[in-house]
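In what follows, a single structure is set out as structure tokens and then discussed.
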Amino acid sequence: MKVTFPHLGNAYIAIEALLQGLGHEPITPPLSTKRTIEWGSRYSPEDICLPFKTILGNMLEGIELGADSVYMLGGWGPCRLGYYAEIQRIILHDLGKKVKFVTLEVPRGNWRMARERLRHIFGPTRTRHFLRGCQLSWAKLRAVEQLEQRSLQARPLEKDHGSTSRLLETQLQKLRMAQNMKTISRIKAETDEALQDLAAATASHAVLRVGLVGEIYTVVESFVNLRLEERLGRLGVEVIRTISLTEWVEEHIFKNALGLYNQYELLRSSRGYLHSFVGGHGLESIARSVEMANAELDGIIHIFPLSCMPEIIAQGILPQLSADKKVPILSLVVDEHAGETGFQTRLEAFVDLLQRRCTYVRKEKSLSRC
Amino acid sequence: MSGRKKVYLGVDVGSVSTNFVLLDPSQPKAYGVVWKKYLRTNGAPVETLKQGLKAIEQERKWDIQGVGTTGSGRALAGAMLNADVIKNEITAHAAAALNQNPQVATIIEIGGQDSKLIILREGVVVDFAMNTVCAAGTGSFLDQQASRLNIPIEEFGSLALESTSPVRIAGRCTVFAESDMIHKQQLGHKMPDIVAGLCASMVRNYLSNLAKGKELRSPVFFQGGVAANVGMQRFFADTLELPILIPRHYDVMGAIGIAQIARETLESQGKPSGFFGLDILHSEFENEGYVCQLCPNQCEIVEIWRDGVFLASWGSRCGRQGGYSKSEAT
């Protein structure tokens, strides 16, 4: 089958490998652009959140490229995303798109249903071929994350604006083409070395460290978050991501499927602020913010799509956390109408705030850096 | 140039107005504003900027030592002037307020199309908020309603003070506020009561949008064009139960702040200013926007050219800079 799927950051590199292992031909939609959002919004309910619209746009662009099947994640819980696949299936059907729509849902112990689902997922493949696809896909996902992680550290130090992002893009494309584990580890090593060359040798200024929390799609999709990480990097900020795709796959998919997923650790961190799972990444946003405040990061940025219920709950709690822990927190809301100017102004003002605060704290405690 | 007074220029290019301030570094803090000009942007920032500079040139007594730009048009203005500092308006407003009163703890700023709330503690900005999603409760709305009611905007505030029982007007959205206001007019409410109701609903809207969970402490500064409105002043004071202070030059605080920052930056770096000088009045500026087709990113690029020479561009994701004419990139 020719299978298309929605984007989630650079995860497409791993998804392609997985689909090949399953015996399908992956049809990767073009990276999200304004066209994707416009197209997706046209056929979406107006009040739905931005991820829904962008994902639908991805599907339409994938079908345009000749896909005959669409794979989409489903889910349970208070976040609306669990229901999106079903609505998108109906929308595509109403638009007259003749595609097979497969919803990948965590079976949660219902193994008969799981077997039923799995039958639809496999194409013509052999066990060996499939296992190899899984291995390659997982290795690529981890590599993508490592590359992104390193670029977050390198960007605030780069001499030539944009050089880190350009390098990252080149390396990601190499990774996409990689066909064996050896190549993948070579690319990782090569990137590390190249990133060191980009940093200014004289970069002695203290780099501000800002944690990023919020709804996973807006955190990971750089087009949707208006390239938040690049903007912050350029302002001299090292971004500490708290959301990782590999962790998400491990926790929310595998452990959830086996009934092992629990929020014990998260709940321990968020004690005093939030005591239950509120859907999506709401609990994570609070728990990780507490952890980062305790680790004395300079600030925290919280980002989510307009009308996202779990994160609205988090947003209501964060001011108290900010006051208690004395850590500045900026909440950012994005939707398809988000303006870049206002976004950039807020980021610049926030970084100014952190810098001035940093200098002040440094003077008061006579520290060499914050 | 000898005999001319040494000054720093601050330019705040906003959506509605463009403000110019000349700051004399030899005078004590708050009184350093030696010249100011408030112009309507009218959607033409390049022309407005030239108009302001022309006014400075005509005075023939200023020697500009450094330039800072702020406001939503800061990047464009900064490129045209080759400004020494280009900074966001929140930082600029805070700098100007702190200079007049180092104890200031809260700044309410309402401009043409946005409103801001800045929280400071011991001379440091610790939190801020800008209106998101909707522009209900900004200067443009008051302006529009004043002209609809046929009241000069300058008298709007004092008329509100005449009210004895302000009507309650739905203030969540300006369009609904307007229809609610028309309805109240048709019911026969008095003009001062309606105007007061409008001011009260704007204050309510501002506080519920921006002050969520934030502690507003005294001293409170109220700045931006809307601070001239005595009705708004009163309703803020009543709602917050705190005295509201209106700083000197409340209408050009952004420009003052950025001129100060330009001065501090240049003095600490000991560098001469990069300002192009008033010669730019005789230059032709051209800007052009297009979607770059050199890669799949589809960035929306804006370029600015001076007399056919490339100055700067914005919007590229890859960091590509420099004089790609539209035909090359599309």
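Tabulated values for the structure
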read-out: Listing of strands (runs of 3 or more DSSP E) fully contained in the range B:1-68 that carry 2 or more residues being free of Cβ contacts under 8 Å to residues at least 40 places away in the same chain; value: B:33-40
read-out: Members of the range B:294-330 that are more than 12 Å from chain A (Cβ to nearest Cβ), out of contact with any Cys (no Cβ under 7 Å at 6 or more places or on another chain) and at pLDDT 80 or above; value: B:Glu303, B:Ile304, B:Trp305, B:Arg306, B:Asp307, B:Gly308, B:Val309, B:Phe310, B:Leu311, B:Ala312, B:Ser313
read-out: Complete set of residues in the range B:160-179 that are buried (at least 21 other Cβ atoms within 10 Å of the Cβ), part of a helix (DSSP H, G or I) and over 25 Å from the mean Cα position of the chain (by Cα); value: none
read-out: Every residue from the range B:296-317 that is assigned to a loop (DSSP other than H, G, I, E, B) and of a type in the set (Ser, Thr, Tyr); value: B:Ser316
read-out: Unmet criterion (only one of (1) within 14 Å of chain B (Cβ to nearest Cβ); (2) free of Cβ contacts under 8 Å to residues at least 60 places away in the same chain) for A:Phe223; value: (2)
read-out: Condition met for A:Ser322 (assigned to a strand (DSSP E or B), modelled with pLDDT of 80 or more and either surrounded by 21 or more Cβ atoms within 10 Å (Cβ to Cβ) or within 9 Å of another protein chain (Cβ to nearest Cβ) (or both)); value: no
read-out: Candidate set from the range B:184-220 (those that are of a type in the set (S, T, N, Q) and within 14 Å of chain A (Cβ to nearest Cβ)); member that is farthest from the chain's Cα centre (by Cα); value: B:Ser208
read-out: Residues of the range B:149-159 satisfying the condition of being surrounded by fewer than 20 Cβ atoms within 10 Å (Cβ to Cβ) and touching a helix residue (DSSP H, G or I) at 6+ places or on another chain (Cβ under 8 Å); value: B:Leu149, B:Ile151, B:Pro152, B:Ile153, B:Glu154, B:Ser158
read-out: Those residues of the range A:26-45 which are within 14 Å of chain B (Cβ to nearest Cβ) and part of a loop (DSSP other than H, G, I, E, B), in sequence order; value: A:Thr28, A:Pro29, A:Pro30, A:Leu31, A:Ser32, A:Thr33
read-out: Sole residue being within 25 Å of B:Val7 (Cβ to Cβ) and either in contact with a Ser or Thr (Cβ under 6 Å, 6 or more places away or on another chain) or surrounded by 21 or more Cβ atoms within 10 Å (Cβ to Cβ) (or both), chosen from B:Gly78, B:Gly112; value: B:Gly78
read-out: Which numbered condition A:Ile313 misses (of (1) more than 8 Å from every other protein chain (Cβ to nearest Cβ); (2) in a helix (DSSP H, G or I); (3) in contact with a helix residue (DSSP H, G or I) (Cβ under 6 Å, 6 or more places away or on another chain); (4) under 21 Å from A:Glu230 (Cβ atoms)); value: (4)
read-out: Considering residues of the range A:286-310 that are of a type outside the set (A, V, I, L, M) and under 24 Å from B:Val124 (Cα atoms) only, the residue nearest to the other protein chains (Cβ to nearest Cβ); value: A:Gly299
read-out: Among (1) in contact with a Gly (Cβ under 6 Å, 6 or more places away or on another chain); (2) buried (at least 20 other Cβ atoms within 10 Å of the Cβ); (3) among the hydrophobic types (A, V, I, L, M, F, W, C); (4) part of a loop (DSSP other than H, G, I, E, B) - the single one A:Ala67 does not satisfy; value: (1)
read-out: Of all residues making up the range B:71-99, the number that are within 10 Å of another protein chain (Cβ to nearest Cβ) and under 22 Å from B:Glu303 (Cβ atoms); value: 6
read-out: Selected residue (only one of A:Leu266, A:Leu274 is closer than 25 Å to A:Gly82 by Cβ, more than 14 Å from chain B (Cβ to nearest Cβ) and part of a helix (DSSP H, G or I)); value: A:Leu266
read-out: Looking only at the range B:100-118, and only at residues there that are more than 10 Å from chain A (Cβ to nearest Cβ) and assigned to a strand (DSSP E or B), the one that is modelled with the lowest pLDDT; value: B:Ser115
read-out: From the options A:Glu247, A:Glu251, A:Glu230, residue that is in contact (Cβ under 8 Å) with a residue 12 or more places away in the chain and either of a type in the set (Gly, Ala, Ser) or assigned to a helix (DSSP H, G or I) (or both); value: A:Glu230
read-out: Pair list, Cβ < 6 Å and 6+ apart or interchain, from the range A:157-174 residues that are closer than 23 Å to A:Tyr12 by Cα and crowded, with 20+ Cβ neighbours inside 10 Å to residues that are of a type in the set (D, E, K, R) and at pLDDT 90 or above; value: A:Thr164/A:Arg155; A:Ser165/A:Glu230
read-out: Subset tally (residues that are of a type in the set (Lys, Arg) and within 22 Å of the chain's Cα centre (by Cα)) for the range A:63-97; value: 1
read-out: Qualifying residues in the range B:205-226 (those that are in a loop (DSSP other than H, G, I, E, B) and of a type in the set (A, V, I, L, M)) - the one modelled with the highest pLDDT; value: B:Leu216
read-out: Residue in the range A:148-168 that is farthest from A:Glu221 (Cα to Cα), counting only those that are in a loop (DSSP other than H, G, I, E, B) and facing chain B (nearest Cβ under 10 Å); value: A:Asp160
read-out: Meets criteria (hydrophobic (A, V, I, L, M, F, W, C), away from chain B (no Cβ under 13 Å), at negative phi and crowded, with 21+ Cβ neighbours inside 10 Å) for A:Ile48; value: no
read-out: Unmet criterion (only one of (1) outside the structural domain of A:Gly23 (by TED's automatic domain parsing); (2) at pLDDT below 85) for A:Pro78; value: (1)
read-out: Selection within the range B:35-50 - crowded, with 17+ Cβ neighbours inside 10 Å and of a type in the set (S, T, N, Q); value: B:Thr41, B:Thr48
read-out: In the range A:188-205, residue modelled with the lowest pLDDT [restricted to those that are crowded, with 16+ Cβ neighbours inside 10 Å and aliphatic (A, V, I, L, M)]; value: A:Ala199
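Rundown of residues vs (1) under 25 Å from B:Glu89 (Cβ atoms); (2) among the hydrophobic types (A, V, I, L, M, F, W, C); (3) assigned to a helix (DSSP H, G or I), yes/no style:
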position	(1), (2), (3)
B:Phe236	yes, yes, yes
B:Thr239	yes, no, yes
B:Ile258	yes, yes, yes
B:Glu267	yes, no, yes
B:Gly274	yes, no, no
B:Gly289	yes, no, no
B:Leu294	no, yes, no
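The values are calculated or read from the model by the stated rules, or taken from the named source; none is laboratory data. If you're wondering where the values come from, they're calculated on a predicted model, not measured in any experiment. Here the Cβ is made from the backbone with ideal geometry for all residues, glycine too, and neighbour counts use every protein chain on show.
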